[in-house]
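So the structure is just underneath, and the comments pick up after that.
The values are calculated or read from the model by the stated rules, or taken from the named source; none is laboratory data. This structure is a prediction, so every number in the text was calculated from the model and none was measured. Virtual Cβ from ideal backbone geometry, glycine too; neighbours counted across all protein chains shown. What goes into the accessible areas is simple: the full protein's heavy atoms, side chains included, and nothing from ligands, DNA or RNA. Shrake-Rupley method; radii C 1.70, N 1.55, O 1.52, S 1.80 Å.
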Amino acid sequence: MRETSVLSVAPVVLPTSDRAVDLAIRISAPVTGNELPVILLSHGQGHSNNLSSLNGYAPLVNYWAAHGFVVVQPTHLSSTTLSLPADTPGAPMYWRSRAEDMTRVLDRLDEIEAAVPQLAGRLDRGRVAVAGHSMGGHTASLLLGARLTDPDDGTVVDLTEPRIKAGVLLAAPGRGGDALTPHVTENWPFFSTPDFSRMTTPTLVVAGDKDASAFLTVMGPDWHTDPYVLAPGPKSLLTLFDAEHGLGGISGYDVAETTDENPARVSVVQRLTTAYLRTELHPGDPAWQSACDELTAAPDPLGQVESK
């Protein structure tokens, strides 16, 4: 599909009385086209002041929108841009609120279309995907069917969103228990009990083979493949060679915190994620197989794909 110009509108503010602050989102879309599928994008928790918000992930957002998707980016309560008090319920990671933000977006698409008249009647509400990087990958996994045990009351939490038909997990967290560092177990106990066994929604897991994430896990880079290994099919795994947590620089253009800056690697993520979602949301579309063949045929491949 040929690229088209992109319209991006922000902030669109959805009044939300049961949330610490109203929900602010960015909407990015191609300026032309109808029956456009929707991608909900959950940001991570990086060191920058603004990337962990509706202002981040431009390399992915602009590419996806230019190739026919409407991308919706909420600013989660965990964002540094909000700097909420430490005693705000759910702080500091707001794992449950993050997933609820996405459900709110889907519940209020009429309001979003009204706020952005250029979108009116152009969304395909039956074709919705979710993507997330790092902590955003945790959020996306819950919406795709992963469960966890609430550390506050011991209940099993199911936040599966049935309107979401496909997902992309980018450098997402893996299993809990003894795979975690003591710091994570003590300070973010919700990471301790993920259960991927019922994450049945089709998902592409993207992991870097140099993404040790030593502050989170003692298992090394393989930890980020757990959402693929421990979940039932259909799943695909894109392993990026020599990639670290930034996957080449997906969180923003020329971001100083990217430890593995590589525009070619970002291009692989752009192309493969776009192709995967196009095929999953439009069964029969050959984009995914074509993209995998192109990756394999490269003289010096930047990654490899396996599926189950």
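Listing for the model above:
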quantity: Count of region 14-50 residues which are open to solvent by 80 Å² or more (accessible area, probe 1.4 Å), farther than 19 Å from HIS282 by Cβ and not acidic (Asp, Glu); calculated: 5
quantity: First in region 21-49 and at positive phi, second anywhere and open to solvent by 10 Å² or more (accessible area, probe 1.4 Å) and charged (D, E, K, R), Cβ under 6 Å, 6 or more apart; calculated: GLU35/ASP124
quantity: Subset of region 109-142 that is part of a helix (DSSP H, G or I) and within 14 Å of the chain's Cα centre (by Cα) - its residue that is surrounded by the most Cβ atoms within 10 Å (Cβ to Cβ); calculated: THR139
quantity: Qualifying residue in region 83-93 (condition: among the hydroxyl-bearing types (Ser, Thr, Tyr) and open to solvent by less than 30 Å² (accessible area, probe 1.4 Å)); calculated: yes
quantity: Criterion (touching an Asp or Glu at 6+ places or on another chain (Cβ under 7 Å) and assigned to a loop (DSSP other than H, G, I, E, B)) met by exactly one of GLU261, GLU244; calculated: GLU244
quantity: Contacts under 8 angstrom Cβ, first residue in region 248-272 being of a type in the set (Asp, Glu), partner crowded, with 21+ Cβ neighbours inside 10 Å and outside any loop (DSSP other than H, G, I, E, B), 6 or more apart; calculated: ASP260/GLY208
quantity: Region 192-230, subset part of a strand (DSSP E or B) and among the polar types (S, T, N, Q), residue nearest to ARG271 (Cα to Cα); calculated: THR203
quantity: Segments classed as strands (runs of 3 or more DSSP E), wholly inside region 2-108, with at least 1 members that are small (Gly, Ala, Ser); calculated: 6-14, 23-30, 36-42
quantity: Flag for ASP260 being open to solvent by less than 60 Å² (accessible area, probe 1.4 Å), among the acidic types (Asp, Glu) and over 24 Å from LEU144 (Cα atoms); calculated: yes
quantity: Tally, over region 287-308, of residues that are closer than 22 Å to GLU261 by Cβ, assigned to a helix (DSSP H, G or I) and open to solvent by 70 Å² or more (accessible area, probe 1.4 Å); calculated: 0
